[in-house]
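The values are calculated or read from the model by the stated rules, or taken from the named source; none is laboratory data. Fair warning: this is a prediction, and the values are worked out from it, not measured in the lab. Cβ placement follows ideal geometry from the backbone for every residue including glycine, while neighbour counts extend to all protein chains displayed. Note: areas computed on protein heavy atoms with side chains; ligands, DNA, RNA excluded. Shrake-Rupley method; radii C 1.70, N 1.55, O 1.52, S 1.80 Å.
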Amino acid sequence: MRAPSSRLGLSIAIALAIMAAIFVADTSTDYAVAAAGFYTVVILAVAHRLSARQLVLLAGACIGLTILSFALTGFGSYRVGLINSAIGIVTIVVTTYLALKMEAARAAAQEAQARLLRVARASTLGELTASIAHEVNQPLAAIVTSGNACQRWLAQAPPNVDKAQQAVARMLDDALRASEVIVRIRGMTRGQSLQPQAFAINPAIEEVLSLSRAELERHEVAVVLDLEDDLPPVFADRVQIQQVLGNLVLNAMEAMSDVPVGARKLHLATSRGDAGRVRVDVADTGHGLPSAMVERLFEAFWTTKAEGLGLGLSISRSIVEANGGRIQAGNRAEGGARFQFELPAAPDTTA
Ligand code: ADP
């Protein structure tokens, strides 16, 4: 840690004055008096105020003064003076080295503490705010789209009331969805536990798709559904699992934004997974995941997007795992990314 420049200047002035006093004492006393050792006190006293470079310069000056005193001192045993000066120089070098190490460790500890604070804050307020933004933005965007459509239907002469009513119905659905997410997030802050229930995964996926309809159309993404009939119900928190699905769909759409329009395909599939679990696949024909990335995808704050938060997948993994499932990512042989998660089947249907 550095001191403000006025305090730094004062410290350096005091250090130089003490060094001058040591120099005078060292030069004017017998060779046998090892005054040079006191330079280490100066080094230790100012180490935390100086940068590593400044400290090394100071140590260099102390060594220079020790050699100069030795050259100027004219009394006592020359041999004793040589040994004392050598010991003084070694002491200065060792002290400087230790002071540099100590300062580096102190800086690292401070940095670690600051990072811990950032993480602690982010994992409470930040993550919460980000997850609200992430999950609520989608229905809000859909409400705006439907609102615009509604205005257009009503502005026609004569107004197309049927179409306008349909748009209003979609707006109500989306608003309900947004408020459900907020209720759940508020519940999480109150420490409410999961609300798992047995539910059929296919209709839950179809609901997410219908909520994402406006965005999918805007991105000109074709949806390919391969939902297996006859799956057991899963046992999980339905709203949370829909948040995961919504996030994976959103990421897939973003990954396909650079792909030619006709080639943008979102594949959604359900099947039976390992040990009676239910598997959900969300695959796209986007740019895929560079292999070095796969390890880091689920880390909080890891993103390759200029506007990204890097929280969607980390929150998704926490949700899937909290619901007794697991999630993994990989690339499809034919190009694009594939995210796959498995959820436990409802207890009474696993037998
Ligand atoms: P964000 O979307 O804010 O970047 P996420 O946690 O959702 O955060 O995703 C982290 C990163 O994973 C993204 O920045 C992107 O690089 C990568 N990623 C996620 N989904 C896909 C996908 N379907 N295809 C390619 N890369 C993806």
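Please work out how much accessible surface GLU321 shows to a 1.4 Å probe, ignoring ligands, DNA and RNA, in Å² rounded to 10.
Its accessible surface works out to 100 Å², give or take rounding.
Of the candidates ARG238, ARG277, ARG152, which one comes out as most mobile in a Gaussian network treatment of the chain with C-alpha springs shorter than 10 Å?
Among ARG238, ARG277, ARG152, the largest mean-square fluctuation in the Gaussian network model of the chain belongs to ARG152.
Express the accessible area of the range 222-283 per residue in Å², computed with a 1.4 Å probe while the remaining protein chains stay in the model.
Heavy-atom accessible area per residue stands at 39 Å².
How far is helix 52-72 tilted, in degrees, relative to the longest principal axis of the Cα atoms in the chain, given as a value from 0 to 90 rounded to the nearest 10?
The angle comes out near 10 degrees.
Just to be sure I understand the model, the point goes 7 Å from the Cα along the line to the Cβ. What's the resulting GLN197 to ALA13 distance in nm?
For the pair GLN197/ALA13, the computed spacing is 7.5 nm.
To the nearest 10 square angstrom, what accessible area does LEU140 show with a 1.4 Å probe?
Its heavy atoms expose roughly 90 Å² to the probe.
State the answer as a single residue: which of THR40, PRO139, ALA17 lies farthest towards the positive end of the charge dipole of the chain, with beta carbon charges of +1 for Lys and Arg and -1 for Asp and Glu, about the Cα centre.
Of the listed residues, the answer is ALA17.
Could you pull the Cα extents of the range 1-113 along its three principal axes, largest to smallest, in whole Å?
Answer, in whole Å and largest first: 53, 26, 16 Å.
Mean shadow of the range 234-299, computed from the convex hull of its alpha carbons, in nm²? Let's see the in-between values first.
Details: hull surface 23.2 nm².
Approximately 5.8 nm², given one-decimal rounding.
Hey, what's the Cα Rg ratio for the chain versus the globular rule of thumb, 2.2 N^0.38 Å? Could you put the intermediate results ahead of the total?
Working: Rg = 34.2 Å, N = 351, 2.2 N^0.38 = 20.4 Å.
Dividing the Cα radius of gyration by 2.2 N^0.38 Å gives 1.68.
Using a 1.4 angstrom probe on the protein heavy atoms only, line up ARG177, ARG272 by accessible area, largest first. Kindly include the intermediate steps, with their values, before the conclusion.
Working: ARG177 30, ARG272 130 Å².
So the residues, ranked largest to smallest area, are ARG272, ARG177.
Modelled label-to-label distance, GLN54 and ASP274, 7 Å Cα→beta-carbon offset: nm?
5.8
How are the C-alpha pair distances of the range 310-351 spread across 10 Å bins, as whole percents from the shortest bin up?
Pairs per bin, as whole percents: 25, 39, 27, 8.
Sort VAL320, VAL223 by heavy-atom solvent-accessible area, probe 1.4 angstrom, most to least. Don't skip to the end; give the middle numbers.
On the way: VAL320 0, VAL223 60 Å².
Descending accessible area places them as VAL223, VAL320.
Note the angle between two axes, namely the Cα long axis of helix 127-155 and the longest principal axis of the Cα atoms of the chain, as a number of degrees from 0 to 90, rounded to the nearest 10.
Computed tilt is about 40 degrees.
If the reach is capped at under 23 angstrom between alpha carbons, list the lysines near LYS305, excluding any in the same chain fewer than eight residues apart.
Filter leaves LYS265.
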